[in-house]
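The values are calculated or read from the model by the stated rules, or taken from the named source; none is laboratory data. All figures in this text were calculated on a predicted structure; none of them were measured in a lab. Please note: Cβ atoms are built from the backbone with ideal geometry, for glycine as well, and neighbour counts cover all protein chains shown.
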Amino acid sequence: MIKIIVDSTCDLPQEIMQEYDIKVMPLNVLLNGIEYRDRVDIQVEEVYAQMRKGVVPKTSQITPKEIYNMFTSHIKQATDFIYLAFSAAMSGTHNLAKSIQEELAASNPNIKMAVVDTKAGSVATGLMVLQAARLARSGIDFTTILKQIDFMVKHVEHVFAISDLEWLVKGGRINKIVGKTGSILNIKPILDVQNGKMRVINAVRGQKKALKTVVDLVAERIKEFPDQIIGIAHADDLPAAEEVMKMLKEKIGASKFIVQKIGCVLGAHLGIGGVGVFFFNAKPELYID
């Protein structure tokens, strides 16, 4: 059976990871001068607790040793594998893994292996991973699974709102004047992801309007494929995620959701209080519900 590998930016529930035996490689989180392996040495709740104290985490990509050991463990078991990597536009992990995979493939021609730039993160990657794992369990061949993943990469959507501009100032992601002005005016940026990069597409005043804007954008972009599993991720703000889920149920009649806390790495970049929605804007040919 083909094995699916992800990294720790993939925000799928642990029970799904276990059910499909999905292997996870950790990125690294630096807190107070100490480096931790994401979801191995430190959990997301601990990172958010430090962030609430004003600590600004730093993050770094997976180590070459971690990637090499994961890939060679599958090669030794004569198991084909696919690694769905965090967006190459936001981390060097994909390119590093790709170079290791190509080196190993040259000396192991009998093992099918692939590294895919999902151009995504959080539950967006998770939705692709879930479909890939279900296809593999169903006995779909390696080439067909890669074809389906390629389609999903091109049609996955991220729509999210950032709650705390002050946090983006702390992380050096916007300048202090913009952050201060935005906080005074209660401005909430609305973002999506294009070609693997986050971009600001709107800005509204107040949390209520921000959530409505997110839901309206989702309703517009999901109309070709409304009956699917929708991912919702939050940066330590479950009530906001639950409110978005309720609004989506009312707006588009959605009934299938995965709700997760945004993990350590993306949480460190986005700050506390953000909420995002993840879905496909077109139906993959072999979608398994």
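Structure notes:
- Segment 249-281: number of residues that are part of a loop (DSSP other than H, G, I, E, B), surrounded by fewer than 17 Cβ atoms within 10 Å (Cβ to Cβ) and over 17 Å from the mean Cα position of the chain (by Cα): 3
- Set ARG173, ARG199: member being surrounded by fewer than 19 Cβ atoms within 10 Å (Cβ to Cβ), modelled with pLDDT under 80 and under 18 Å from PHE86 (Cβ atoms): ARG173
- Cβ pairs under 7 Å, 6+ apart, first in segment 65-76 and under 19 Å from ASN28 (Cα atoms) and in contact (Cβ under 8 Å) with a residue 40 or more places away in the chain, second among the β-branched types (Val, Ile, Thr) and outside any helix (DSSP H, G or I): MET70/ILE5
- In the condition set (1) among the aromatic types (Phe, Trp, Tyr); (2) closer than 30 Å to LEU211 by Cβ; (3) surrounded by fewer than 20 Cβ atoms within 10 Å (Cβ to Cβ), PHE160 is compliant with all but (3).
- Any hit, segment 71-82, residues being closer than 26 Å to CYS264 by Cα, of a type in the set (Gly, Ala, Ser) and part of a loop (DSSP other than H, G, I, E, B): no
- Close pairs (7 angstrom Cβ cut-off, 6 or more residues apart or separate chains): touching a residue at least 12 places away in the same chain (Cβ under 8 Å) in segment 216-232, assigned to a loop (DSSP other than H, G, I, E, B) and hydrophobic (A, V, I, L, M, F, W, C) anywhere: GLU224/ALA282; PHE225/ALA282; PRO226/ALA254; ILE230/ALA254
- Failed item in (1) in a helix (DSSP H, G or I); (2) more than 30 Å from ALA235 (Cα to Cα), with ALA132 passing the rest: (2)
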